[in-house]
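Okay, structure first, notes after.
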Amino acid sequence: MKYLVHMDIDLPTDMPAEEAAEIKATEKAYSQQLQRAGKWPEIWRVVGEYANYSVFDVDSHDELHDILQNLPLFPYMDITVVPLAKHPSDVK
Ligand SMILES: O=C(O)C[C@H]1C=CC(=O)O1
């Protein structure tokens, strides 16, 4: 099952720089582990924003929810999820 996910990140302005750097490093490792496992096949930066569009390929709504809830930046994100179905004109 594929999902288009928009993540909009808003870190508190008073968060110490070291703490922010540590959360971002943990987030990057978590994300890259899921990318290598094929669960997070696409991630794109939104130009000019601290936001991304990602595609997740998971087995269930629950699996996606668990992945998103475990993002280290989850407490600082607004997340929008769009479930994707195969387009009838897709030639693949
Ligand atoms: O920078 C972001 O878009 C937020 C987050 C998502 C993956 C990652 O490494 O960081």
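Data for the structure
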{"quantity": "Calculated P(r) tail over 22 Å for segment 4-74, as whole % of Cα pairs", "calculated": "22"}
{"quantity": "Segment 2-55 and segment 75-92: distance between their alpha carbon centers, rounded to Å", "calculated": "17"}
{"quantity": "Set of aspartates and glutamates near residue 86 by C-alpha distance (under 18 Å), chain-local residues within fewer than 8 positions excluded", "calculated": "42, 57, 59"}
{"quantity": "Eligible lysines near residue 92 by straight Cα distance, threshold 25 Å, same-chain separation 8 or greater", "calculated": "2, 39"}
{"quantity": "Global geometry of segment 40-92, whether rounded, prolate or oblate, following the gyration tensor of its Cα atoms and the 1.5 cut on a/c", "calculated": "oblate"}
{"quantity": "Cα centre as origin, Lys/Arg/Asp/Glu Cβ charges: the chain dipole, Debye", "calculated": "540"}
{"quantity": "Cβ-derived FRET efficiency at R0 25 Å, residue 63 paired with residue 87, nearest 0.05", "calculated": "0.60"}
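FYI, it's all coordinate maths here, none of it is from the lab. As the structure is a prediction and not an experimental result, all values here were calculated from the model. Using ideal geometry, Cβ is built from the backbone for each residue, glycine included, and neighbour counts are taken over all protein chains shown.
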